[in-house]
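Written below as C-alpha cells is the structure these notes are about.
What follows draws every value from the coordinates through simple rules; no lab data is involved. This one's a predicted model, so the numbers in the text were calculated from it and none came from an experiment. Glycine also receives a Cβ, built like all others from the backbone with ideal geometry; neighbour counts cover every protein chain displayed.
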Amino acid sequence: MSGFKLQRLGMMMEPEPGNPNEVEGVLNPAAVRGPDGHLYLFPRLVAKGNYSRIGIARVRFNEAGDPTGVERLGIALEPEADYERRPDGGGGCEDPRVTYVEPLQRYIMSYTAFSPQGPRIALAISEDLFHWGRLGLATYAHWHGIELGNVDDKDASLFPVAIPNPSGHLELAMLHRPLFPGTRPEETVCGPTSREVDLDRESIWISYCPMALKGLDPHRLGRFTSHHRLATPVSPWERLKIGAGTPPIMTRHGWLILYHGVSEIPQPNDSEHHLRYSAGVMVLSKEHPQAIRYRSAEPVLTPELPEECHGTVAHVVFPTGIDRRDDLGAPDRFDVYYGMADNRIGAARLDIPDELPPEAVANAPGVKV
C-alpha cells in the first residue's frame, strides 16, 4: 500500500425519531475502548435551539469486525455548570474527545463548553466512562501578552502519555484550535486565493502542562504554560482553516491524527460563499511531536454521500473519534468516526501504509497555496 486510504463503513447513528434530545442532530463523537474492552461513542446530541448534550453509546459489530450501529446508553454530560449555560436558557456541551491518559490512569474528556463568553475548552474525568466529574475550564498562561483563557477555543484533545516539550521535558500536552478574531472561515473566505502561508488563519496549536510524574492528583491538571502553533493551512483543500480532529494515537510512523480543513466550493454566478469541510492525515514525530513527518497534500475524505452533503451544515465530514483495531489483531487498522453534515455519524476504515508516502506537505516558509 502506497498511501493513506479511507474506506467508508457506513452510517452509525442518525437522529432517533421522537427523541427530543436529538431533534437537530447526532454528530462529532468521541470514541474510546472501555475497561470492559467494548468500544463506546460519546456523540454530541443536539436538541431544539442548538442545545447540546454529550451522550454515550456502545458500538455494535458484525462477524467480520466492522461497526454496524450503536446501542444508546444515555447521557454522559449535559449543561449544568455556569460555563456551559447561557442566560437565555441555551448553552451546550459539544464535540467531545476522550483519551485514556496513562500517567493519570483515568479517562479525560475534552469538550467545547458553550457559555455566555463563547466556546471554551472544558475537561471532565472518569474511571469507567459512565461516571464523569468536571475539572472545569482549561487554564492557560499568557501567550505574547494574550490571555488565551479569554479567546474562543475548540477541537481539543490530549495525548495519552506525557510527551517531550520543546525543551525535552515530559509534560501533558493538548491539541486545540484558538479562534482569534478575524480568523474564522466566514471572515477569511473573501481573502486572496493565492498567498504565502498565513499564520492568521485558524490553525492547530499544541500546549503543554507541566506535571510531576509521581504523586499525581488526576483532579488537578494545572495550567497549560507553553503554547506553539503546530500547523497552519497550506493546501488548497484547507485554505480557510484547519483544526484538530481525532486524538493523537501512536502508529509505526509516529503520532497519527485525522484533522479537518475548510475550503470554498466554487459556485458559478453565485455571490455567496459555500464551504466544504474535508479530512486529512497528519503524522507527528514520536520523539519530537512538534515535528510533522507527514501531512496530506490532498484530503483522504471529502463530502460525497447525500448524508455528508445535506444536513444541518452542508458539505461536512468532521473526524473526531478513532479506534485502533487491536481487538482484531490488526494494529495497522484504524476505524474513524466522523460527523456527517452536522446531523449524523459515519465510520470509515484507515489502513496504515508500510512507508510514509513521499508527497508530504510541511509548513515551509514561502509555500504558495
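Using the 10 angstrom Cβ neighbour count as an exposure proxy, how do Met211, Met12, Met250 rank, fewest first?
Exposure proxy ranking, most exposed first: Met250, Met211, Met12.
To the nearest 0.05, how large is the calculated FRET efficiency for Lys5 and Gln117 if R₀ is 35 Å and r is the Cβ-Cβ distance?
The formula returns an efficiency of 0.25 here.
Once the piece of chain linking Asp82 and Glu147 is laid out straight, how much longer is it, given 0.36 nm per residue of separation minus the C-alpha distance between them?
21.4 nm is the gain from fully extending Asp82 to Glu147.
For Arg60, which sequence-distant residues (separation of 5 or more, or a different chain) have an amide H within less than 5 Å of its own amide H, given hydrogens modelled in the peptide plane?
It is Thr68, Gly69, Val70, Glu71, by chain and number.
Can you compute the modelled spin-label distance between Ala291 and Glu16, with each label point 7 Å from Cα toward Cβ, in nm?
Distance between label points: 4.8 nm.
Using amide H atoms built 1.01 Å from N in the peptide plane, name the residues 5+ places from Arg106, or on other chains, whose amide H lies under 5 Å from its own.
Val101
Using Cβ contacts closer than 10 Å as the measure, can you line up Lys286, Lys48 from fewest to most?
Lys48, Lys286
Considering every pair of different Cα atoms, what Kirkwood radius, in Å, is found for the chain?
Computed over Cα pairs of the chain, the Kirkwood hydrodynamic radius comes out at 20.6 Å.
On full extension of the chain, what length is gained from Phe61 through Leu73, given 0.36 nm per residue of separation minus the C-alpha to C-alpha distance?
Separation in residues times 0.36 nm, less the Cα-Cα distance, equals 2.7 nm.
Under a plain spin-label model, where a point goes 7 Å from the Cα along Cα-to-Cβ, how far apart in nm are Met250 and Asn50?
4.0
Report the extension gain between Asp36 and Asp354 in nm, rounded to one decimal, defined as 0.36 nm multiplied by the number of residues separating them, less their alpha carbon distance.
111.4 nm
Over the chain, what relative contact order in percent results from Cα pairs under 8 Å that are six or more residues apart?
18
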